[in-house]
Amino acid sequence: SQTIHQWPATLVQPVGSPLSLECTVEGTSNPNLYWYRQAAGRGLQLLFYSVGIGQISSEVPQNLSASRPQDRQFILSSKKLLLSDSGFYLCAWSVRASWSDEQFFGPGTRLTVL
Amino acid sequence: GQNIDQPTEMTATEGAIVQINCTYQTSGFNGLFWYQQHAGEAPTFLSYNVLDGLEEKGRFSSFLSRSKGYSYLLLKELQMKDSASYLCALPWIYNTDKLIFGTGTRLQVFP
């Protein structure tokens, strides 16, 4: 069966500090991978998605970046965090080229920037 | 473009039936998803509709009318654990790898 892991579960970081969130998927190959952010009381905002190693599509301009160094690893990074980066970050995967299949979400990372 | 509209909040009583509506505008249609998200947790898949009509899964049913740009999620025999946000989502018309999510409907079930 497939599983998706995210860490850390919670993170408190000062403004201006770097960020690295990691997501790994097990039990599937060539997945589509996604990073979402959900601000308090808001909907899911797609930040990045990837259809393969080294292939990253950025959805919104921001000070975040993403990388996919391995097929089942997706990393969200920032060089300098802003207060507005606080939120609930969710990684998800789906079967490639199959829009009728659902996305499976990881447990999320709650980031607080102070 | 695409747009999804859902009520922000709803309340209901344990044991009752509640209908959560989702209206959408899209120039191309590739199905509609419903997800459930408990507070502080990840969304989980509930249903996918691509054809008109009602699909039932236990206490949950999802309805779609493509001509009206309308879907609803019907929850029967409500339980306290059904208190959650319910998200309506559409595959993006230009790239179906992506989902466009509504802002979600927060349902509170009271005893």
Report yes if A:LEU76 is surrounded by 15 or more Cβ atoms within 10 Å (Cβ to Cβ) and either in contact with a helix residue (DSSP H, G or I) (Cβ under 7 Å, 6 or more places away or on another chain) or in contact (Cβ under 8 Å) with a residue 40 or more places away in the chain (or both), otherwise no.
-> yes
Scan region B:43-61 and report the pairs whose first residue is farther than 13 Å from B:LEU74 by Cα and whose second residue is in a loop (DSSP other than H, G, I, E, B) and open to solvent by less than 80 Å² (accessible area, probe 1.4 Å), with Cβ atoms within less than 7 Å and a gap of 6+ or a chain change.
-> B:PHE45/A:GLU102; B:TYR48/A:SER100; B:TYR48/A:GLU102; B:TYR48/B:GLY31; B:ASN49/B:GLY31; B:VAL50/A:SER100; B:VAL50/B:GLY31
Hits in region A:94-109 (condition: in a strand (DSSP E or B) and either modelled with pLDDT of 95 or more or open to solvent by 40 Å² or more (accessible area, probe 1.4 Å) (or both)) = A:PHE104, A:PHE105, A:THR109
Yes/no for A:THR3 being open to solvent by 70 Å² or more (accessible area, probe 1.4 Å) and over 30 Å from B:ASP5 (Cβ atoms) | no
Can you name every residue in region B:53-111 that is of a type in the set (Asp, Glu) and either in contact with a Pro (Cβ under 7 Å, 6 or more places away or on another chain) or surrounded by fewer than 13 Cβ atoms within 10 Å (Cβ to Cβ) (or both)?
-> B:GLU56, B:GLU77
Polar (S, T, N, Q), farther than 24 Å from B:GLN36 by Cβ and modelled with pLDDT under 95, is that true of A:SER29?
-> yes
Kindly indicate which of A:ALA66, A:ALA39 is buried (at least 20 other Cβ atoms within 10 Å of the Cβ) and touching a Ser or Thr at 6+ places or on another chain (Cβ under 8 Å).
-> A:ALA66
Give the residue, chosen from B:ASN49, B:ASN3, that is within 14 Å of chain A (Cβ to nearest Cβ), buried (at least 16 other Cβ atoms within 10 Å of the Cβ) and among the polar types (S, T, N, Q).
-> B:ASN49
For region B:83-99, enumerate the residues that are more than 23 Å from A:SER98 (Cα to Cα) and either among the polar types (S, T, N, Q) or in contact (Cβ under 8 Å) with a residue 60 or more places away in the chain (or both).
-> B:SER83, B:SER85
Which one of the conditions (1) among the hydrophobic types (A, V, I, L, M, F, W, C); (2) under 13 Å from A:TYR89 (Cα atoms); (3) open to solvent by 40 Å² or more (accessible area, probe 1.4 Å) does A:VAL15 fail to meet, given that it meets all the rest?
-> (2)
Sole residue being within 9 Å of the chain's Cα centre (by Cα) and not small (Gly, Ala, Ser), chosen from B:PHE45, B:PHE63, B:PHE33 = B:PHE33
Residues of region A:93-114 satisfying the condition of being polar (S, T, N, Q), free of Cβ contacts under 8 Å to residues at least 40 places away in the same chain and within 8 Å of chain B (Cβ to nearest Cβ) = A:SER100
Output the strands (runs of 3 or more DSSP E) that fall wholly within region B:53-111 and possess 3 or more residues being at pLDDT 95 or above and either farther than 21 Å from B:ASN30 by Cα or not acidic (Asp, Glu) (or both), or say none.
-> B:60-65, B:70-75, B:84-91, B:105-110
Selection status of A:VAL51, surrounded by 14 or more Cβ atoms within 10 Å (Cβ to Cβ), within 12 Å of another protein chain (Cβ to nearest Cβ) and more than 18 Å from A:HIS5 (Cβ to Cβ) = yes
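The values are calculated or read from the model by the stated rules, or taken from the named source; none is laboratory data. Just so we're clear, the structure is a prediction, and the values are computed from it rather than from any experiment. Positions of Cβ are backbone-derived with ideal geometry, glycine not excepted, and every protein chain shown enters the neighbour counts. To get the accessible areas, we keep the full protein, side chains included, count just its heavy atoms, and leave off ligands, DNA and RNA. Shrake-Rupley method; radii C 1.70, N 1.55, O 1.52, S 1.80 Å.
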